[in-house]
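The values are calculated or read from the model by the stated rules, or taken from the named source; none is laboratory data. All figures in this text were calculated on a predicted structure; none of them were measured in a lab. Because the Cβ atoms are built from the backbone with ideal geometry, glycine has one as well, and the counts that use them run over all protein chains shown. Remember, those area values only see protein heavy atoms, side chains included, never the ligands or the DNA or RNA. Shrake-Rupley method; radii C 1.70, N 1.55, O 1.52, S 1.80 Å.
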Amino acid sequence: MAEQQKNGAGHKGKREVVLVLQGGGALGAYHIGAYQALHEAGLEPDWVAGISIGAINAAVIAGNKTGERLAALDSLWDSISRPDETGRALHGSWLRWYNQYNVAEAMTLGQPNFWFPRIPSPLVLPPNSADQASFYDTSPMLATLRSHVNFEGLGKAGYGRLSVGATRVDTGELVFFDSDDKQPLGPEHVLASGSLPPGFPATRVGEHHYWDGGCVSNTPLNAILDDKGSSDLLVFMIDLWNAEGRLPTSMDEVAWRQKQIQYASRSAQIETLCQVHNLRHSVAQHGLKSEAGGDSATAAAEGAVLDVPTRRIDIVHIIYHPSAEESSFSDAEFSRSSIARRREAGLHDMKAALDHAPWSRPQLRAAPQSAPAALHRLQAGAFTSLVPR
């Protein structure tokens, strides 16, 4: 019973655990540690959503049985990185230079089982096709995903639900592929979510081509809050980019800060999504009816609003804080020493969140019945909790 209360159960039975993974290339090793802490605490995700590298990690987690997930993540990250002993012995500026060498190696030679450079460069070739218009070829990742993910198991007993976001190139629309839909997911859906131009080509899925979901939004929280299910949710949202940061004083810091601002999940955006969810719930709870008269479009829209389950949602927002050795190209730096450091950071931060367990503290969650969505944020070692209204 004590474990049930700590995990947030008891409101309407067992809460569904959701893991939301942001994009960020090699920084995604942080996700491994975050998942490991959940696994060790017995909080296996029932539903995993991701964009870009988050989609790849999400597919591995959801597409393996619970007892095999961590080993599958380790295997995937070993397969897309090169053996590395030097980085483990370096520190400070030496480690920073070594990491930059690894970036140069990845840009020149590619990354094993992930991508390789197009030769000759597309800059000197005439227009060809959408899946050739990029500096790198990502076709090796299709085989890597097939060998690490049981796509046929998605959504079935012992596995998890998977949602991945990608940008439809011709419309600019953010589209979510979900294993709960009738169309089965395959490696192309996951690769589409990580097809970041101009480095990577658009990925064809069905009749359309898709780019990285981060072109529109780097965090797939919308897929969770728009879901029509009825189970209470405990959502762990793992961000790789911090919207807040100090004023840059070098060109590398400028480039790093620009990426952070571009790809981060901004606090105001997350709070607004929670506010919308709480407002929709309030409208449904009070049974407001349309006064639109003959305006069928407005009546239909309000009818959709009223179709909102009274589910309780706690969002635990955890943000990666890079070490001093990171540079503006760290999202392309896949050395195993850096992967290990980022993984350890994710493990540490998620353990801190689980120890604090703000979702299980009534005093941190005012009026849950009237406002079912609450946001708890771990940033720089400190927790804040609020119920956006």
Can you tell me how many residues in segment 276-334 are modelled with pLDDT under 85, outside any helix (DSSP H, G or I) and open to solvent by less than 10 Å² (accessible area, probe 1.4 Å)?
1
Could you tell me which numbered condition D137 fails, if it satisfies all but one of (1) within 25 Å of V216 (Cα to Cα); (2) at pLDDT below 95; (3) of a type in the set (D, E)?
(2)
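For (1) modelled with pLDDT of 95 or more; (2) of a type in the set (A, V, I, L, M), each residue gets a yes or a no:
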| residue | (1), (2) |
| --- | --- |
| K14 | no, no |
| L21 | yes, yes |
| G24 | yes, no |
| Y35 | yes, no |
| A55 | yes, yes |
| I61 | yes, yes |
| P83 | no, no |
| R88 | no, no |
| R96 | no, no |
Count, please, the residues in segment 220-268 that happen to be assigned to a loop (DSSP other than H, G, I, E, B), open to solvent by less than 20 Å² (accessible area, probe 1.4 Å) and in contact with a helix residue (DSSP H, G or I) (Cβ under 8 Å, 6 or more places away or on another chain).
5
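What are the residues in segment 147-170 that are open to solvent by 80 Å² or more (accessible area, probe 1.4 Å) and part of a loop (DSSP other than H, G, I, E, B), if any?
Once the filter is applied, which keeps residues that are open to solvent by 80 Å² or more (accessible area, probe 1.4 Å) and part of a loop (DSSP other than H, G, I, E, B), segment 147-170 yields K156, A157, D170.
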So, first residue at pLDDT 95 or above and hydrophobic (A, V, I, L, M, F, W, C) in segment 163-181, second residue outside any strand (DSSP E or B) and open to solvent by 40 Å² or more (accessible area, probe 1.4 Å), Cβ within less than 7 Å, six or more apart or across chains; the pairs are L174/V216
Condition met for D232 (in contact with a Lys or Arg (Cβ under 7 Å, 6 or more places away or on another chain), modelled with pLDDT under 95, under 15 Å from I315 (Cβ atoms) and among the acidic types (D, E)):
yes
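When you scan segment 70-81, do you find a residue that is closer than 29 Å to R266 by Cβ, polar (S, T, N, Q) and touching a residue at least 12 places away in the same chain (Cβ under 8 Å), even just one?
Quick first cut of segment 70-81, residues closer than 29 Å to R266 by Cβ only: 73, 77.
Add one more test, that the residue is polar (S, T, N, Q), and what stays is none.
Looking for residues that are closer than 29 Å to R266 by Cβ, polar (S, T, N, Q) and touching a residue at least 12 places away in the same chain (Cβ under 8 Å), one finds none in segment 70-81, hence no.
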For segment 186-219, name all the residues that are over 19 Å from V149 (Cβ atoms) and touching a Lys or Arg at 6+ places or on another chain (Cβ under 6 Å).
H208
